[in-house]
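For reference, the structure discussed in these notes is given below.
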């Protein structure tokens, strides 16, 4: 289990190789890579600025990974989240899970990214040709998180 928050890009293949090397019992690995889009609704996005609260962000992500381990039989789970200024098509987040069985790997990966989208302490500002605006959590993301019956506000 690991959490990394950094400015530098990440290598998905390298992370997967490290996870596979941990155990000969890995039967499934699932990864989610989030990318920066160049559009937001109807407006062009030049880049995004990602901020976090050092220490608090890592602790919150470690807690959700621990919850994923509690719910599903996992061999490993990793989150890498980038901060700073990122341009269109840049990788912003990686969630990777490894398990003996695909169902655990798929469900846990989805659970972790749903949490990241709703309650992880990151702030994103979309910089557009005519200024910028902070990104708010979408109702659809909240609904996705609620299906897991996990009250993150209480368990932090």
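The values are calculated or read from the model by the stated rules, or taken from the named source; none is laboratory data. For clarity, every value in this text was computed on a predicted model and none was experimentally measured. No Cβ is skipped: glycine too gets one built from the backbone with ideal geometry, and neighbour counts run over all protein chains shown.
The test for being within 26 Å of residue 127 (Cβ to Cβ), out of contact with any helix residue (DSSP H, G or I) (no Cβ under 9 Å at 6 or more places or on another chain), at pLDDT 95 or above and surrounded by 14 or more Cβ atoms within 10 Å (Cβ to Cβ) holds for residue 49.
Looking at the range 86-100, can you tell me whether even one residue there is free of Cβ contacts under 8 Å to residues at least 24 places away in the same chain and either within 27 Å of residue 149 (Cβ to Cβ) or assigned to a strand (DSSP E or B) (or both)?
Scanning the range 86-100 turns up no residue that is free of Cβ contacts under 8 Å to residues at least 24 places away in the same chain and either within 27 Å of residue 149 (Cβ to Cβ) or assigned to a strand (DSSP E or B) (or both).
For the range 54-72, what are the residues that are part of a loop (DSSP other than H, G, I, E, B) and exposed (fewer than 13 other Cβ atoms within 10 Å of the Cβ)? Steps first, please.
The first filter runs over the range 54-72 and keeps only residues part of a loop (DSSP other than H, G, I, E, B), leaving 54-55, 72.
Residues satisfying the conditions are 54, 55.
Residues that are buried (at least 24 other Cβ atoms within 10 Å of the Cβ) and over 12 Å from residue 65 (Cα atoms) were ranked within the range 99-120; the one that is farthest from the chain's Cα centre (by Cα) is 99. Scanning the range 1-25 for residues being in a loop (DSSP other than H, G, I, E, B) and modelled with pLDDT of 95 or more gives a total of 5.
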